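Read-outs throughout are calculated quantities, based only on the coordinates presented, and are distinct from any laboratory measurement. Everything numeric in this text was worked out from a predicted model, so none of it was measured. With ideal geometry, Cβ positions are generated from the backbone for all residues, glycine too; neighbour counts draw on all protein chains shown.
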Amino acid sequence: MDALTTFGLFAVTSMLVCYALEARSPWWTLGFAGACLLGSIYGFLQGAWPFGLVEAIWAGVAFRRWMVLRA
């Protein structure tokens, strides 16, 4: 497994864990936003720009949700 694949696996696994634990704390929502950002970077690095674009949008949505939850 090369470094890029390992990075992608980490990003997607982080998304899954944070998404599953979101109900426990708003900080998991922020973690989900960060993991989506990592997934976006992975998508662009591997050349799958549609995946990278959608993950960037999800990162923004999750970050906004975290801001609302904190208020």
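For the residues LEU45, LEU16, LEU53, LEU30, the requirement of being closer than 23 Å to THR6 by Cα and surrounded by 14 or more Cβ atoms within 10 Å (Cβ to Cβ) singles out LEU30.
Please work out if MET67 is outside any helix (DSSP H, G or I), surrounded by fewer than 19 Cβ atoms within 10 Å (Cβ to Cβ) and not basic (Lys, Arg). Walk me through it before giving the result.
Working: outside any helix (DSSP H, G or I): no; surrounded by fewer than 19 Cβ atoms within 10 Å (Cβ to Cβ): yes; not basic (Lys, Arg): yes.
Against the criterion (outside any helix (DSSP H, G or I), surrounded by fewer than 19 Cβ atoms within 10 Å (Cβ to Cβ) and not basic (Lys, Arg)), MET67 does not qualify.
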